[in-house]
Amino acid sequence: MIAIQSRKPRPPESTLFLIDECGQLGNFELLQSVVTLCRGYGVQPWLFFQSICQLQQNYGEAWRNFIDNAGAVQSFGFANRIAALEWSEFFHLPPEQLLSLAPEDQLLYIAGKGTFESRKYNYLVDPQFQGLYDPNPYFRHTRSGK
């Protein structure tokens with residue numbers, strides 16, 4: 001982060017930080033800085049949490065900073081009514097609609113534009129990605145791709 005913050009001038013293209021399994025980092029204070037401050041340094045964080053609960057556990061009252069500072073929120077796989085209820089207010093959709101999303105669909109909230117339902121791309125089975133990635137040893141391809 002020190003290197004990112006010391007860049008002068010800000011680069012013309014933003015630096016994308018893809019951070020998977022953020023909940024496993026615990027209360028990682030630097031991550032809060034990335035979300036709340038680093039946009040001005042040309043950083044776009046794309047963080048992956050498994051649930052709102054992970055944010056609440058790790059960051060207490062400050063958990064909303066992650067949502068409030070997001071330019072976009074992507075959510076899918078609402079496993080149960082509790083998860084759907086947690087997100088329904090945010091997306092302004094009834095929990096039943098969240099629970100009925102097809103496995104290949106997701107909800108996107110874009111700041112200033114609202115909520116959209118869209119298809120999730122899957123590089124493992126979508127033809128346009130064929131040949132553009134190395135084999136995934138944890139994925140066994142079947143005819144249906146599932």
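The values are calculated or read from the model by the stated rules, or taken from the named source; none is laboratory data. Please read these numbers as outputs of a predicted model, since none were measured by experiment. Cβ sites come from the backbone with ideal geometry, for glycine too, and all protein chains shown count toward neighbours.
If you take the residues in region 113-125 that are modelled with pLDDT of 95 or more and either assigned to a loop (DSSP other than H, G, I, E, B) or in contact with a helix residue (DSSP H, G or I) (Cβ under 7 Å, 6 or more places away or on another chain) (or both), which one is surrounded by the most Cβ atoms within 10 Å (Cβ to Cβ)?
Here the answer is 115.
State which residue pairs qualify: first residue surrounded by fewer than 13 Cβ atoms within 10 Å (Cβ to Cβ) and inside region 63-76, second residue at pLDDT 95 or above and of a type outside the set (Gly, Ala, Ser) in any location, beta carbons under 7 Å apart, and separation of 6 or more residues or different chains.
Close Cβ pairs satisfying both conditions: 72/108; 72/109; 72/110.
For region 36-62, what are the residues that are within 22 Å of residue 8 (Cβ to Cβ), surrounded by 14 or more Cβ atoms within 10 Å (Cβ to Cβ) and of a type in the set (A, V, I, L, M)?
43
When residue 93 is evaluated against the numbered criteria (1) free of Cβ contacts under 8 Å to residues at least 24 places away in the same chain; (2) surrounded by 14 or more Cβ atoms within 10 Å (Cβ to Cβ); (3) within 18 Å of the chain's Cα centre (by Cα), which criterion, by number, is the only one it fails?
Looking at each condition in turn, residue 93 falls short on (3).
What's the number of the only condition in (1) in a loop (DSSP other than H, G, I, E, B); (2) outside the structural domain of residue 108 (by TED's automatic domain parsing); (3) at pLDDT below 95 that residue 44 fails to meet?
Failing condition for residue 44: (1).
List pairs: first residue in region 96-119 and closer than 18 Å to residue 82 by Cα, second residue at pLDDT 95 or above and β-branched (Val, Ile, Thr) anywhere in the structure, Cβ distance under 7 angstrom, at least six positions apart or on different chains.
107/115
Kindly provide the set of residues from region 81-112 that are outside any helix (DSSP H, G or I), under 20 Å from residue 66 (Cβ atoms) and in contact with a Phe, Trp or Tyr (Cβ under 8 Å, 6 or more places away or on another chain), ordered by number.
Scanning region 81-112 gives 106, 107, 108, 109, 110.
Return only the number of the condition from (1) closer than 26 Å to residue 125 by Cα; (2) out of contact with any strand residue (DSSP E or B) (no Cβ under 6 Å at 6 or more places or on another chain) that residue 75 does not satisfy.
(2)
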